[in-house]
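For reference, the structure is listed below as structure tokens.
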Amino acid sequence: MAERDLVVDVRGLKKYFRVRQTLFSKGYDSPWLKAVNGVSFQVSPGGTLGIAGESGCGKTTTGRMLLKLEDPTEGEYRFNGRDVTHVKRRELRQFRRQAQMVFQNPFEALNPRFTVYRSLLEPLLIHGIGSRPEQEQRINAAMERVGLKPPNTYYEKFPHQLSGGQLQRIVLARALIVDPIFIVADEPVSMLDVSVRAGVLNLMQEITASMQLATLYISHDLSLIQYLCDDTAIMYLGQIVEMGSTDAVLASPEHPYTQALVAAIPVLDPETEPPEVKIKGSVLSPIDLPEGCLFQNRCPYAERICRSEEPPLESKQSGRSVRCHVVN
Ligand SMILES: Nc1ncnc2c1ncn2[C@@H]1O[C@H](COP(=O)(O)OP(=O)(O)OP(=O)(O)O)[C@@H](O)[C@H]1O
Ligand SMILES: [Mg+2]
């Protein structure tokens, strides 16, 4: 796909935070925490990219930079053909409409004092969309699209009067009502009861496909990513360690970390049990990173070079990229 057709195109995106180690330390002498350490990827219209990796690896920070809730420390961000890396907040009006977030916790995402109707009206008022009758039409259409029918029976309800699944549908409707082209869904169903997750996920898949939305799913749950995403990026300590089509990455993971993650996906069929990959120890501190590969202390295959040189993320002919000295 030509670059100009991409919705999201990020190159070398980094986010470092200053962290105060004591209550009285001054800001300027505090060390940096490398939350995101040079990630590059693209999402096209209708494309779905999943970002997976364990807690603290920088998934949410990446999503927040893509929504321009956080400015990158370094790198380039092109959105729908336009360089938005350094765009000022007041020039972001159109961007804010086109790029929407589906929050993790529907109970917190909605104002408890707003009725459903008011919650859905709010983004239309903020973006100055439509006359009163057009706004009502949009609200009805958005509610029907997320399966809340007939819409008017929900108009006057408050969040505490709805179930978790219904609330997550309202959150989704609120993101869709302004006609976005890009959605970031950060752990979209992790707060929901298992019994309603599948319904909400099916719905999201159906909607993003029919509206040709570019979607970034963030989750530590690989089975969710397997179900929803065309492509998958596996993150470790702020970097992408493996990326490619979801089928390929999950069927034949190449990076030792991906192998360990895939081996941990529960399988129901004992005959197809994947080989166990033992990773030891725990993830390093993002404040004090060593030379060489960031996975070296846990990797069963680490060699001498892994302790001195950082492996690059190398693209292979198969379209897969892997960051590893040993498998490359
Ligand atoms: N505003 C901030 N100030 C300082 N450090 C931060 C800030 N936001 C995030 N971090 C740190 O950056 C790193 C990445 O955090 P992030 O929330 O992106 O991880 P995550 O992959 O989303 O984790 P989880 O799966 O737990 O949601 C963590 O070490 C976190 O503590
Ligand atoms: Mg997170």
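Some observations on this one:
- Condition broken by P188, with the remaining ones in (1) of a type outside the set (K, R); (2) surrounded by fewer than 19 Cβ atoms within 10 Å (Cβ to Cβ); (3) within 16 Å of ligand 1 (Cβ to nearest atom) satisfied: (2)
- Per-region count, region 130-162, residues out of contact with any Pro (no Cβ under 8 Å at 6 or more places or on another chain), under 30 Å from E91 (Cβ atoms) and not basic (K, R): 7
- Meets criteria (more than 20 Å from I139 (Cα to Cα), free of Cβ contacts under 8 Å to residues at least 40 places away in the same chain and away from ligand 1 (no atom under 16 Å from the Cβ)) for S252: yes
- Output for region 142-161, where each listed residue is touching a residue at least 40 places away in the same chain (Cβ under 8 Å) and under 26 Å from the mean Cα position of the chain (by Cα): R145, V146, G147, P159
- Per the conditions (1) at pLDDT below 90; (2) closer than 30 Å to K149 by Cβ, the sole criterion not satisfied by R93 is (2).
- Taking every residue in region 295-308 that is at positive phi and part of a loop (DSSP other than H, G, I, E, B) and pairing it with any residue that is crowded, with 20+ Cβ neighbours inside 10 Å and of a type outside the set (A, V, I, L, M, F, W, C), at least 6 positions away or on another chain, yields no pair with a Cβ-Cβ distance below 8 Å.
- Just one of the numbered conditions (1) within 15 Å of ligand 1 (Cβ to nearest atom); (2) under 15 Å from the mean Cα position of the chain (by Cα); (3) not hydroxyl-bearing (S, T, Y) is not true of Q42: (1).
The values are calculated or read from the model by the stated rules, or taken from the named source; none is laboratory data. Predicted, not measured: the structure shown is a model, and the values here were computed from it. Reconstructed Cβ throughout: ideal geometry from the backbone, glycine too, with neighbour counts over all protein chains shown.
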